[in-house]
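Read through the structure below, which is laid out as structure tokens, and then see the notes.
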Amino acid sequence: MMRSVGIAALLLTGSLSVSAVAADAPMQPGLWVIHVSGVTKVSSPPLSTPMERSTQICVKAHQKPESVFLPQGSDRCTGSHKPLPDGKTQWTFHCQAPGASIIQVGWFRTSPHHLHAHWVITAEVHSEAHYETTTDLQMQGTYLSAHCGKVK
């Protein structure tokens, strides 16, 4: 089960390639808290694991909203985005990781003091124990302070 949560976390935190600018509003530079909650379901054996964590981040001046949680620089993913009529930006990624094929669909909306996002990450693991995982995540971010302190 930890492998499936690890795959979802890897994709959300380290293997996406983002090259386009989103239409979302800029985020106020400074200290933010990001709360992530969700559930990962595994097809075989059938398991469901809740996930919840909070982390503080430092948003830099002129930082694009998507760069807050969509890191740059993977050649294993292709992605596209489009603005939605309700002020959100939708992203879709197709990724190949060692031993897995991953599809991620999500959206985010930002304002100077808030971030809201929802992601569904589906991974098909190609191994002897072939299985599929689905992770459904909600992200809520809130601006805390103009000073980041020790948070980088």
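Give me the percent of accessible area attributable to carbon and sulfur for the range 30-145, probe 1.4 angstrom. Using a 1.4 Å probe with all protein chains present, the range 30-145 comes out at 57 percent carbon and sulfur. In this Cβ point-charge picture (+1 for Lys and Arg, -1 for Asp and Glu), the range 30-145 has a dipole of about 420 debye about its Cα centre. Taken per residue, the accessible surface of the range 44-132 reaches 56 Å², heavy atoms only and a 1.4 Å probe.
The values are calculated or read from the model by the stated rules, or taken from the named source; none is laboratory data. The model shown is predicted, which means the values in this text are computed figures rather than measured ones. Note that we place each Cβ from the backbone using ideal geometry, even for glycine, and neighbour counts take in every protein chain shown. With ligands, DNA and RNA removed, areas are computed over all heavy atoms of the protein, side chains included. Shrake-Rupley method; radii C 1.70, N 1.55, O 1.52, S 1.80 Å.
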